[in-house]
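The values are calculated or read from the model by the stated rules, or taken from the named source; none is laboratory data. All of these numbers come straight from a predicted model, not from anything done at the bench. Here the Cβ positions follow ideal geometry from the backbone for every residue, glycine too, while neighbour counts run over all protein chains shown. Side chains are part of the model used for accessible areas, which takes the heavy atoms of the whole protein and leaves out ligands, DNA and RNA. Shrake-Rupley method; radii C 1.70, N 1.55, O 1.52, S 1.80 Å.
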Amino acid sequence: MQLKVLNAHAIKLTGFSEMQSSGLNNQRVRQLNRQTVMKLVWQHKLLSKSQFSQHTGLSIPAVSNILEELVNDGKLSHSSENLSKRGINSGSYQIPPDGDFILCMNVTPTSIESQLCDAQLSPNGEFERMQVNASTPQALLAAIENIWRNQCKTWPKKTINLALGIHGQVDPVTGVSQTMPQAPWREPVEIKYLLEEKLGVSVRLDNDCVMLALAEKWQNPASRQDFCVINVDYGIGSSFVINGQIYRGSLYGSGQIGHTIVNPDGIACDCGRYGCLETVASLSALKKQARIWLKSQPYSSKLDPETLTSMQLIAAWHDGNEQVRRWVDNSANAIGLSLYNFLNILNINQIWFYGRSCGFGDEWLATIDRQIGFTPFDHGDVLKNKATQINFGPLNRTQQVMGIGYLYVESMLEKE
Ligand SMILES: [Zn+2]
């Protein structure tokens with residue numbers, strides 16, 4: 001009998017194989033339904049009983065039972081605010097608004113972006129971007145602490161926990177930043193431990209590509225159960241979501257794509273190998289290439305090799321600068337080829353691009369798309385609804401940075 005209330009959403013949370021192997025008892029069904037309801041609240045923030053019923057396919061009495069249980073447990077709060085303009089007022093449900101705040105940050109050694117969120121993970125106050133230029137790990141930690149302390153002054157009665165999206169390789173379990181390619185230091189930094197000790201609040205962190213994947217998963221209704229986020233910026237990072245879960249592979253989930261080898265005879269990469277995608281297609285690689293070339297030219301160009309910025313490079317591409325167009329085309333081809341290999345292995349067919357390289361625009365994306373289009377297993381009509389989707393990510397920067405806050409949500413859902 002209980003099995004009838006299980007629905008598509010609940011199934012997505014776990015996957016058929018697990019259910020087949022472990023069998024589904026009533027308690028597990030109840031747990032899955034609770035998770036489904038909680039997941040919906042985090043996504044929609046405020047829902048009425050009938051909206052829950054629509055989203056889950058569960059009957060109103062079944063939904064009522066779950067909601068009542070969650071309200072009694074303090075996981076949800078009920079307000080009499082009526083979401084529907086007509087019909088009977090049964091009120092609406094939300095995450096209790098009086099819970100702890102979360103301060104979300106995207107941290108690199110040169111800058112910190114931050115957005116304070118309330119207990120429901122809605123933005124509270126302005127999005128901020130701060131230049132840091134930290135020369136030591138201590139300086140970077142002090143900058144994080146400063147931003148946090150400023151928020152604490154504004155909200156003296158609130159506990160403000162930290163969620164940090166960190167540039168480079170991060171161990172999300174221990175909260176250690178393993179390597180930060182843009183930083184002048186090389187040693188690992190125990191960010192979680194040091195900040196929790198000092199500030200007395202919870203600190204969760206992960207790589208900045210995981211931040212983007214979480215942002216997509218929770219804030220973009222068009223994202224599928226399986227998708228991939230590629231961040232083409234200073235370096236090239238990637239994060240995969242498989243069956244609705246962040247896939248954390250080797251290199252802590254951030255490096256796979258950037259360090260696929262596209263040219264074995266290529267130039268040395270920071271990772272110790274030669275010809276990685278990053279050495280061909282990242283913004284820093286393109287800038288390096290441009291600088292070397294510009295220096296060999298008589299000074300007539302508008303571009304100064306010493307002060308060349310990413311924005312100038314992107315502008316030169318749009319202006320039709322022949323050299324720049326050749327390099328950027330080459331880089332887009334390399335990204336497409338690397339992706340082609342990944343797509344065939346992982347069978348992921350939705351890709352969201354983020355990072356400043358998105359400024360190269362539709363033509364750049366089309367070049368990548370052309371390379372991926374060669375896939376021999378994509379047989380037109382048969383797989384039409386599954387055809388590979390390659391797009392620029394639709395989320396704004398605030399939403400991107402808020403993605404890291406969902407580390408808290410995911411850990412709460414696991415415990416549900
Ligand atoms: Zn490499």
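With a cut-off of at most 11 other beta carbons within 10 Å, and DSSP calling the residue loop, which trypsin sites (Lys or Arg not before Pro) in region 184-241 qualify? Please list them. Mind showing how you got there, number by number?
Working: sites: 186, 192, 198, 204, 217, 224; in loops: 186, 224.
For trypsin sites (Lys or Arg not before Pro) across region 184-241 that sit outside H, G, I, E and B with at most 11 neighbouring Cβ atoms in 10 Å, the list reads 186.
So in the chain, what percent of DSSP beta bridges are antiparallel if you round to the nearest 5?
So the antiparallel bridges amount to about 60 percent of the total.
Think of it as helices only: each DSSP H run of n ≥ 4 in the chain is worth -39500 (n - 2.57), and spread over all residues that comes to -12500 deg cm²/dmol at 222 nm. Accessible area per residue for the chain is 49 Å², calculated with a 1.4 Å probe on protein heavy atoms, without ligands, DNA or RNA. When the surface is traced with a 1.4 Å probe over the full set of protein chains, residue 288 keeps roughly 110 Å² accessible.
DSSP finds beta bridges in region 159-300, and of those with both partners inside it, around 75 percent are antiparallel. For region 148-222, carbon and sulfur atoms together expose 52% of the accessible surface, with a 1.4 angstrom probe and every protein chain in place.
Using equal-weight Cα scatterers in the Debye expression, the normalised intensity of region 33-182 in log10 at q = 0.09, 0.10, 0.13 Å⁻¹ is -0.42, -0.50, -0.73. Near residue 47, the amide H atoms lying under 5 Å from its own belong to 93; only residues 5 or more places off or on other chains count, and H is placed 1.01 Å from N.
Compute the signed sum of charges (Lys and Arg +1, Asp and Glu -1) over the other residues within less than 12 Å, Cβ to Cβ, of residue 262. That sum, taken over residues with Cβ under 12 Å, equals -1. Per-residue packing, averaged as other Cβ atoms within 10 Å, sorts the ranges 146-159, 29-42 into the order 29-42, 146-159, beginning with the highest. Which pairs, out of 39/157; 45/287; 75/198; 153/287; 217/288, put more than 32 Å between their alpha-carbon atoms? As for pairs spanning more than 32 Å Cα to Cα, those are 45/287; 153/287; 217/288. Please state the shape class of region 127-231: rounded when a/c is under 1.5, otherwise prolate if a/b exceeds b/c and oblate if not, all from the C-alpha gyration tensor. Taking the square roots of the gyration eigenvalues as a ≥ b ≥ c, region 127-231 is oblate.
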